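Have a look at the structure below, then the notes.
The values are calculated or read from the model by the stated rules, or taken from the named source; none is laboratory data. Nothing here was measured: the structure is a model prediction, and the numbers come from that model. Using ideal geometry, Cβ is built from the backbone for each residue, glycine included, and neighbour counts are taken over all protein chains shown. Surface accessibility is based on the protein's heavy atoms, side chains included, excluding ligands, DNA and RNA. Shrake-Rupley method; radii C 1.70, N 1.55, O 1.52, S 1.80 Å.
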Amino acid sequence: MYNKEKTISTLLHTLYDSVIYPEGWDIFLQQLGHLFDSPSAALRITDRENPVVYRSYTIGLEQGLNYEHEAVVFDPFRTSLANGPLGKVHISTDIISDRAFEHSEHYQLFFRPNGNFYAMGTQFERDGSSAMHIGIHRPREKGMFTRQEQEQLEDLSGHLRRVAQLTKLTSQVQEALAQAQNAFNHLPFGVWMLDANLHCHWSNRAAEDVLSTHCFGIQQRNGRLIFDEEKLGSALVQASRKLNKGESRCESIQLNRAGASLVLFCNQEINSSLSWNVSPAATVIAFLLDPQMTIPLDHRRLKNLYSLSVAELRLVDLLMRGLDINEASAYLNVTVHTTRSQLKSVMRKTDVTRQADLIRHITA
């Protein structure tokens, strides 16, 4: 008698592991093949209408035509899977007779070289024009798949669908986290992720530039963030201690009279290991803020939006740094008349009439 709970529990652990570890699909397919006494099995993402395979995991299919690039064209089961109810398991003998299949190109070019004859499968998830399906195959001498085996695979199809949805969600989360990391790398100020002993577990590009230029006397020694000045170093240690003991959630260390400061926040509630492979020990996130640091312009964006020339982009950069028309002209080694003409052109392209509006507009 078919024991549903026993069947599902046998495969569930491996199946859900595959969300995080793609290599888990091969192990799952091996276990699935063993359950149904089948030497080969496949899980594929395919196009619902065209003979296209986007991704494939297989065991026991190494002979004959390559399914992904050749045999998929001859597959007589593809249309039935695509048009049937989601999660409905199809048995090959319900789709094509043994005699007809034996004379089909799919059998001769793909099934026969792998020693298979019968197949059973289902599409368990669809997304737009693509779908995920699973199939298992076995030799003729082992007999056709039974209705009981069909029910067994249908019991698993719901779990397969949830795993597919979880995999998609995980990919979206990882993509969003990668975009966040990229955004941190483009920030104009330094960012460090530190542990309780001030060892650096991650830093952005601006932070690396700070260390390489020894800006504000900040450096990294034996992996630890330190200051040349003893007073600032002590303040950093004290701030980290308060944050890690829960006595404070934010600490600030003033670096100079112009307002530059190192601001530290408690990072214990953020799962850094999920985002950027940073150890969970990184319990402090530090930002180096400097009011005198100009925000770098995205030249590609400005060129695409406003069709600014290279010369106009150079002028805008200088204006962003606080230079006036005369100073910009001297820096670029051009006449004031040329600079004024370029500025008028920039304002015309960006649809502003004042220089102050131009600065606000391009940094918005």
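Would you list which aspartates and glutamates come within 18 Å of LYS142, measuring only between C-alpha atoms, while excluding same-chain residues fewer than 8 positions from it?
Those aspartates and glutamates meeting the cut-off are ASP37, ASP94, ASP98, GLU102.
Using modelled amide H (1.01 Å from N, peptide plane; none on Pro or chain starts), what sits under 5 Å from the amide H of ASN267, excluding residues fewer than 5 places away?
Those lying under 5 Å, H to H, from ASN267 are VAL284, ILE285.
Calculate the FRET efficiency for SER171 and HIS361 from the Cβ-Cβ distance with a Förster distance of 35 Å, rounded to the nearest 0.05.
0.45
With a probe of 1.4 Å, find how much accessible area the chain has per residue, and write the answer as a whole number in Å².
55
Using 7 Å Cα-to-Cβ label points, what is the HIS159/ARG126 separation (nm, one decimal)?
2.5
Amide H neighbours of ARG55 under 5 Å, counting only residues 5+ apart in sequence or on other chains, H built in-plane at 1.01 Å?
The answer is ILE45.
Could you pull out every one of the aspartates and glutamates with an alpha carbon less than 16 Å from that of LYS245, ignoring same-chain neighbours closer than 8 positions?
ASP195, GLU269
How large, in percent, is the carbon and sulfur part of the accessible surface of the chain at a probe radius of 1.4 Å?
Carbon-and-sulfur percentage of accessible area, whole number: 49.
Can you list the aspartates and glutamates whose alpha carbon is less than 12 Å from that of LYS303, not counting same-chain residues fewer than 8 positions off?
GLU312
Among (i) 1.09; (ii) 1.19; (iii) 0.95, which is the computed Rg/Rh (Cα atoms, Kirkwood Rh)?
Answer label, from the structure shown: (ii).
Hey, how many Å between the Cα centroid of the stretch 319-364 and the Cα centroid of the stretch 42-91?
Centre-to-centre distance over Cα atoms comes out at 60 Å.
Note the full-extension length gain between ASP317 and LYS303 as 0.36 nm times their separation in residues minus their Cα-Cα distance, in nm to one decimal.
Result: 3.7 nm gained on full extension.
Once fully extended, how much extra length lies between HIS34 and HIS214, figured as 0.36 nm per residue of separation less the alpha-carbon to alpha-carbon distance?
Difference between extended and current length: 58.6 nm.
To the nearest 20 Debye, how big is the dipole of the chain about its Cα centre, given +1 on the beta carbon of each Lys and Arg and -1 on that of each Asp and Glu?
That gives the chain a dipole magnitude of about 1080 debye.
Which value, in Å² rounded to 10, gives the accessible area of SER252 with a 1.4 Å probe and all protein chains present?
80
Between PHE189 and ARG249, what is 0.36 nm times their sequence separation minus the Cα-Cα distance? Round to one decimal in nm.
19.6 nm
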